[in-house]
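Have a look at the structure below before the remarks.
The values are calculated or read from the model by the stated rules, or taken from the named source; none is laboratory data. A quick note: this is a predicted structure, and the numbers were derived from the prediction, not measured. Every residue, glycine among them, receives a Cβ derived from its backbone with ideal geometry; neighbour counts consider all protein chains shown. For the accessible areas, the whole protein counts, side chains as well, though only heavy atoms, and no ligand, DNA or RNA atoms are used. Shrake-Rupley method; radii C 1.70, N 1.55, O 1.52, S 1.80 Å.
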Amino acid sequence: MALPLVDMPEENHVLLVSFSSQGHINPMLRLGKRLLSKGLHVTLALTEVTRDRMLKSSTESAGASSVSGIGVVFFSDGLSLDYDRKANLDFYIETLGKYGPVNLSALIRDRYHGGKKLVCLIANPFVPWVADVASELGIPCALLWIQPYAIFAIYDSFYNKRNRFPTVDDPDVRVHLPGLPLMTTQDLPSFVLPTNPFNAFMKLFSGFFQHLEKFQWVLGNSFHELERDVVDSLSELCSLRPVGPLVPMALLSDEQGGQDVGVEMWKSEDSCIEWLDRQAPRSVVYVSFGSIVVLPAKQMESIAVALKNTKRPFLWVVKPPEKPPADGAGELPLGFTDEVTDQGRVVTWCPQIKVLSHPAIACFVTHCGWNSMLETICSGIPMIAYPQWSDQPTNAKLITDVFKIGLRLNKDEGGTITSDEIERCIEEVMVGARAEELRKTADELKRAAREAAGPGGSSDRAIQQFVDEVTGGDGDDSGEYGASKGNCHEDQIHDEKKVDVEEEGGEGDRLSLHMVMDDATEVGPPGRTPSID
Ligand SMILES: O=c1ccn([C@@H]2O[C@H](COP(=O)(O)OP(=O)(O)O)[C@@H](O)[C@H]2O)c(=O)[nH]1
Ligand SMILES: O=C(O)c1ccc(O[C@@H]2O[C@H](CO)[C@@H](O)[C@H](O)[C@H]2O)cc1
């Protein structure tokens, strides 16, 4: 049975497809907004479990099939809504890779006349199979890379065996890639190390990097001035379009009233802003490890001791794990909050955008998730890197050696980050000549980020170039990042294969997406402890 066309197929319509986590959806939504402003019609396809999570946690009850002008549609990832995806990440990614393509393809055939009305699909890196759906339907496909291009360069080298990487037998191999500093094991993404426990990610990325030709463009949540050398070094490999930073508008301009789009999955404790209002300018240490990392009890203890010893005000986000582990991971030392009531605040989730733009914040002890890093760069705040998994170790290297806007916590001989080390770094980033230098560089980078995203800036031009290419518009074909390599769609044949799938959409496609208007309280899915370190 044909479904009603909720999104009327319009000329120049792009379909964005994102993995279900907040840190993945929000950059997509912001890209969508920028594409809308350039005259495209935009729809975002998410898995049904995303809708379910957002409905359950939403503070707003109004259902919506669009957010800020972006249509939203859903397809099934093949698992029941109550399946515990977090506890079975590998199985989840594999199942999504099996059923996602079939269900997405059916959705496109039903809603977009077999895909003929779509000018492009844009996929996120955790759903690279979208390129196969695009190919099957004869639609060009772009990727939105949501980590630094440095990670893209490392994965490309690793999966295509361009360099030697650490192995079980040779764990200390160092890696030198064009445009990047020399990297030791502690600087590489955890997925390329022999200790990586997440096999599904390995498979996902290896298939993807060995078939980059499936993507005609690689849009990136980064900006040219931030990663110039590595972007230039990759320009022969594929058509890069750095279009970031895809952060809330509130971080890109001092003017009030800019709108933002974002999904909310947790409620933040906004009272911490009133507490920040009472603190002196540049006095507060902000500590957060994002939506997914859960620190071992010993590391929680070190941070607690260090914060207490600095005697400086602090705001610490301690997000309770969804299923508390038996070993006390993620828990504060007993009695800690009572001991520090006059010194700091501990919250389960905060409005991070408001926090980072608050004048009281002095520095950020961060897990180095890329969204947090971009938000911090746009706020001009120096960082103390405490990376855990995935891209975070490399992001920490970028902070210290490339962007030069922060310090990294060093492990002692036993592999532990001690409270003394945390205290030392906090002092160094807050007082003295080094602190001055870091603040100055952070401020310069903040200005560069705003310029890149602003009208006529490098990212704005890259988006325009992409839009011109996708619509066959009259843009200059030899844009500054080179014309698209045209490697994905030109020789594809529109092939209408029959697929047998469960029906998608219909009346159920009503989503309570919270549109964040300049308040940017954006929260993510319930956390999980990845096996790290
Ligand atoms: O208390 C918090 C902690 C984090 N965040 C947001 O959660 C996202 C975290 O994404 P990131 O890529 O930094 O890390 P992940 O959680 O995906 O590991 C960022 O946009 C933060 O602004 C937030 O709103 N409140
Ligand atoms: O909810 C999940 O399944 C989930 C959430 C976050 C994940 O990875 C994070 O992604 C960020 C953007 O790519 C990255 O910068 C951060 O370091 C990661 O923790 C993965 C799964």
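The length gained on full extension between LYS203 and ASN163, counted as 0.36 nm times the residue separation minus their Cα-Cα distance, comes to 12.5 nm.
Could you work out how much longer the chain between ASP277 and GLU444 gets when fully extended? Use 0.36 nm per residue separation minus the Cα distance between them, nm to one decimal. Write down the numbers at each step before the final one.
Details: separation 167, 0.36 × 167 = 60.12 nm, distance 2.53 nm.
Extra length from ASP277 to GLU444 when fully extended: 57.6 nm.
Here the Debye sum runs over all C-alpha atoms of region 268-450 as equal scatterers in vacuum, and log10 of I(q)/I(0) at q = 0.08, 0.13, 0.16 Å⁻¹ comes out as -0.22, -0.61, -0.96. Each peptide in 408-419, 278-289 was scored by the mean count of other Cβ atoms within 10 Å over its residues; highest first, the order is 278-289, 408-419.
Heavy atoms only, probe 1.4 Å: what % of the accessible area of region 64-147 goes to carbon and sulfur, would you let me know?
So the carbon and sulfur contribution to the accessible surface is 52 percent.
Roughly how many Å² is the accessible area per residue of region 268-450, as a whole number, for a 1.4 Å probe?
Working: 7260 Å² over 183 residues.
Ligands and nucleic acids excluded, the result is 40 Å² per residue.
Cross-link partners for LYS411 among the lysines, with Cα-Cα distance under 29 Å and sequence neighbours closer than 8 places in the same chain left out: LYS86, LYS298, LYS308, LYS311, LYS319, LYS323, LYS397, LYS440. The residues packed around GLU421, meaning those with a beta-carbon under 14 Å from its beta-carbon, carry a net charge of -3 if Lys and Arg are +1 and Asp and Glu are -1. Of the solvent-accessible surface of region 205-318, computed with a 1.4 Å probe and all protein chains present, 47% belongs to carbon and sulfur. For the pair ASN309 and THR348 in one chain, pulling the backbone fully straight at 0.36 nm per residue adds 11.8 nm over the alpha carbon distance.
Rounded to the nearest 20 debye, the dipole magnitude of region 268-450 is 580 debye, with +1 charges on Lys and Arg beta carbons, -1 on Asp and Glu beta carbons, and the Cα centre as origin.
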